[in-house]
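Read the structure below first, then the notes.
Since every read-out is calculated from the coordinates, none of them should be taken as a lab result. Here the structure is a predicted model, which is why all the values come from computation and not from measurement. Cβ atoms come from the backbone with ideal geometry, glycine included; neighbour counts cover every protein chain shown.
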Amino acid sequence: MAAIAAAALIGAGLAVTPATPAAAAPAQGVYPRDLPALSSEAPADAVSADPEAAGDFAPLADAASAESSYDPDTSEVADRSEFTTTYDNTNGTQTITQSTEPMNVEDEDGNWQPIEVDLTDGDEGRAETDQHPLSPSFAEDAGDPDLLQVAVDDHTASLGLVQPADDSEVEVDGSTAEYADIAPNTDLA
């Protein structure tokens, strides 16, 4: 029936517009500074005395004063994760070392191994580590645009120097890579 009435109105030259809801009033914001402060009075039945410890903490005090049973020569690695290493001690206890930085890295077989920071000669003359989560490597020459390269999964990032001395070759000593005379009176280690 409404369609017939709309057709008659359109035929008479009048336009039909559907009804629209009235516009909602704009939202009123509440500003925290306009709110009243909350009461901070202490409840009437508040306890003011210090509570006494009901437990016996003597065993903990004895354990804290006892010497550690961990011995790097006799304790054996029981478990590793990226941030922990657990050792079995000869007296039947365990010692856990933990760090906020990675201590171990997963090898190709999925086993956790200690991170190695000593540098060795690697591919294409780069100095690199065998087991490290960032797979760092250092270029053979300070002029290489990929002087320091790190890789995680399939992602690689490199750093290089602007206008280094091209003849400064890397000297490796343990975990240190040093480039002598990269600029006048300047070594990079």
Report summary line: Counted neighbours (other Cβ, 10 Å), sorted fewest up, put 33, 80, 126 in the order 33, 80, 126
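So how much slack lies between residue 77 and residue 131, counting 0.36 nm per residue of separation and subtracting their Cα-Cα distance, in nm?
Values: separation 54, 0.36 × 54 = 19.44 nm, distance 1.78 nm.
Between residue 77 and residue 131, full extension yields an extra 17.7 nm.
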Report task. Provide 159, 188, 134 in ascending order of the number of other Cβ atoms located within 10 Å of each residue's Cβ, fewest first. Result -> 159, 134, 188
Report summary line: Exposure proxy check on 138, 83: fewest-to-most Cβ neighbours within 10 Å is 83, 138
Report task. Note down the magnitude of the dipole of segment 69-113 about its Cα centre, charges +1 on Lys and Arg C-beta and -1 on Asp and Glu C-beta and zero elsewhere, to the nearest 20 debye. Result -> 240
